[in-house]
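Data first, discussion second: the structure below is written as structure tokens.
The values are calculated or read from the model by the stated rules, or taken from the named source; none is laboratory data. Keep in mind that what you see is a predicted model, and the values were worked out from it rather than measured. No Cβ is skipped: glycine too gets one built from the backbone with ideal geometry, and neighbour counts run over all protein chains shown.
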Ligand SMILES: Nc1ncnc2c1ncn2[C@@H]1O[C@H](COP(=O)(O)OP(=O)(O)OP(=O)(O)O)[C@@H](O)[C@H]1O
């Protein structure tokens, strides 16, 4: 780069952005007293996607990332022991890890360096490690499912379930050994991994023995996660960056992977930096935290206890107003927080998400509805691959007879959660319902009262009918969803036969799509914060022009498509992972399907977006307190940012002409999968748990199914742990569910109760 260009760049206004110094930089640099040079040193650096130009700011493009960043990662434990870092934030976590590993343009260029990689020690170990690209490995988990390791190809979701092996269906063993090119080089023939001892240790540590011969395309999400961590460890990096490592893992696997990571981190082999969502539980062994605010700013960093104190100050500033502090340090933090709040780098939602929230039980009783007609019926379903039974390898008591396979009925109006360890068959089960699984045609199951194939006197159910009656969001759909669609097109694809075919739209459907875009504008519109104070246009509500408005007594009317044009200008691919998940969530609901299937819908989302989604699911656009879990959880509605209820919000919601969604109806059924208790809304009153583990082992989870007691909520840690309890504990603490029959009515009159037919357990 020429000196002139360099000096021009340094004069850019963007580079003179408000000097930002994370509160504890001095503290961090003092703590690092080790004689060994740091592995990463970032000193007053600003990063850019592209070389910055003078026009960038005027055109609002190429914004600076992490302006004036200071950060050091020691190579060796200091006097206080090793440093284990976690990066917390709603947005920008991946970008931050990318900046650490040498991506983006760093200004000034020498502000980011890797001094430890230039030492003799590294040269002796392996000269390849001198290059940060080799020494620092990144694993991200937002490219979901086995697709993330190139397992599933093409654009057809059922690819994962085809039992035919293709040339490119690498087994886990081949993948770990690096034997994954179609024309291997001579030296690759027996695998490029030569460190067999390391390979065996990693396979044992990550419990991969049983999976070695399985094609990577067939792995469940949790199995994929373990395989990818193993692969990264085999390249013996100096530093491993793990982006959202616990997303989508069942509670037991979270514990075991966290323990494994701790052991690795303690040996510094490799060193680790994790990224986590603000609401995630931070593993005990993490010693240092770095917090990202909005617009790619680092707003706090330092030792865990120091950053926790900063959170406390933020929290009082947000709830009780920014009063002055007696302690000088706290005052500094408070002043900085005020500045950051004003600049929008920090906001109330992030503060709320960062606080650990203890479970506050509510006194609301919610009945598990008996439900209407059956939408899904399974009578002894088993999914087999050769000799292996992937789903239904258990016995159930049905009408007091022992039967094999899955027996289950889902009725209109019911809300289910399917629980189960990673690999227990949850995704397989859902793929039978959506008919992505080829075996769906042959199994003893009915959807909407009909089989997939025609029966005498009854037509089979077509895939297109299924698609229009089922709303589905899942990690697999996320992996395959076309990135080029605009936000509006992505949501409208709910009304189409395939992702890319033309949706069948009409005026009402347009209004429905617009209503969702308006409700989630704060989360999706990139310019939302810039326009927050803009006045809503008010059109006089002339009743002759707007006959629909006769029912409401309002002087002004705001058109429903007001302020939703942003959705035509931003593509799905330009959105963050959390925003993409939000689009898929909306897409699963917007066409009001009979069955809504939400497979880990909130993973990757911040707590506040998750809460807003739960609110939408329960009570839609209304402010009703009918159930809304988030309302009761937080006792306030800061997460409803940007949603401006119409001025006359006191009008009963069922009379408001512009409210199009009131939450799930009695005609709809919900089936959810999640491994995180906070993600399960209180309207979920039924659960099914798929078995896992060795039957001889006393930690084995057996098949269970049933409803929640009147006051139970799966968000309650006690109820949650019971739902995951092994047989003995489960039997002790739950009870058989029965429904009281009205004494005057006979079985013929009331019909059978599912709780009695299928042996349900109340928890
Ligand atoms: N084609 C196949 N051949 C053999 N086994 C398969 C095949 N497809 C899936 N499996 C296995 O079936 C089991 C169930 O997988 P599934 O993806 O349904 O689990 P899951 O409960 O959704 O897991 P996770 O929580 O990790 O997503 C897994 O052990 C998986 O490896």
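Key figures
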| quantity | calculated |
| --- | --- |
| Selection status of residue 432, in contact (Cβ under 8 Å) with a residue 40 or more places away in the chain and either in contact with a strand residue (DSSP E or B) (Cβ under 6 Å, 6 or more places away or on another chain) or within 16 Å of the ligand (Cβ to nearest atom) (or both) | yes |
| Residue 725, sole failed condition from (1) surrounded by fewer than 22 Cβ atoms within 10 Å (Cβ to Cβ); (2) in a strand (DSSP E or B); (3) more than 23 Å from the chain's Cα centre (by Cα) | (2) |
| Pairs, first under 14 Å from residue 384 (Cα atoms) and without any contact (Cβ under 8 Å) to a residue 12 or more places away in the chain in segment 401-429, second within 16 Å of the ligand (Cβ to nearest atom) and in a loop (DSSP other than H, G, I, E, B), C-beta under 8 Å, six or more apart | none |
| Sole exception among (1) within 28 Å of the chain's Cα centre (by Cα); (2) closer than 18 Å to residue 686 by Cα; (3) crowded, with 19+ Cβ neighbours inside 10 Å for residue 432, by number | (2) |
| For residue 667: the one exception among (1) at pLDDT 95 or above; (2) more than 16 Å from the ligand (Cβ to nearest atom); (3) in contact with a helix residue (DSSP H, G or I) (Cβ under 8 Å, 6 or more places away or on another chain) | (3) |
| Residues that are on the phi > 0 side of the Ramachandran plot and either surrounded by fewer than 18 Cβ atoms within 10 Å (Cβ to Cβ) or not assigned by TED's automatic domain parsing to the domain that holds residue 284 (or both), drawn from segment 56-83 | 60, 62, 81 |
| Selection status of residue 519, closer than 22 Å to residue 434 by Cα and surrounded by 16 or more Cβ atoms within 10 Å (Cβ to Cβ) | no |
| Criterion (farther than 30 Å from residue 390 by Cα and outside the structural domain of residue 581 (by TED's automatic domain parsing)) met by exactly one of 242, 292 | 292 |
| Condition broken by residue 692, with the remaining ones in (1) farther than 21 Å from residue 753 by Cβ; (2) surrounded by fewer than 21 Cβ atoms within 10 Å (Cβ to Cβ); (3) modelled with pLDDT of 90 or more satisfied | (3) |
| Residue ID - surrounded by the most Cβ atoms within 10 Å (Cβ to Cβ), chosen from residues in segment 346-376 that are at pLDDT 80 or above and in a helix (DSSP H, G or I) | 350 |
| Segment 383-421, subset near the ligand (Cβ under 8 Å from one of its atoms) and either crowded, with 21+ Cβ neighbours inside 10 Å or more than 19 Å from residue 217 (Cα to Cα) (or both), residue farthest from the chain's Cα centre (by Cα) | 383 |
| Test: residue in segment 705-717 that is touching a helix residue (DSSP H, G or I) at 6+ places or on another chain (Cβ under 7 Å), within 16 Å of the ligand (Cβ to nearest atom) and not assigned by TED's automatic domain parsing to the domain that holds residue 588 | no |
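For every residue, the table says whether it meets (1) over 24 Å from the mean Cα position of the chain (by Cα); (2) surrounded by 20 or more Cβ atoms within 10 Å (Cβ to Cβ); (3) more than 19 Å from residue 589 (Cα to Cα); (4) within 16 Å of the ligand (Cβ to nearest atom).
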| residue | (1), (2), (3), (4) |
| --- | --- |
| 423 | no, yes, yes, yes |
| 427 | no, yes, yes, yes |
| 446 | yes, no, yes, no |
| 454 | yes, no, yes, no |
| 461 | yes, no, yes, no |
| 468 | yes, no, no, no |
| 484 | no, no, yes, no |
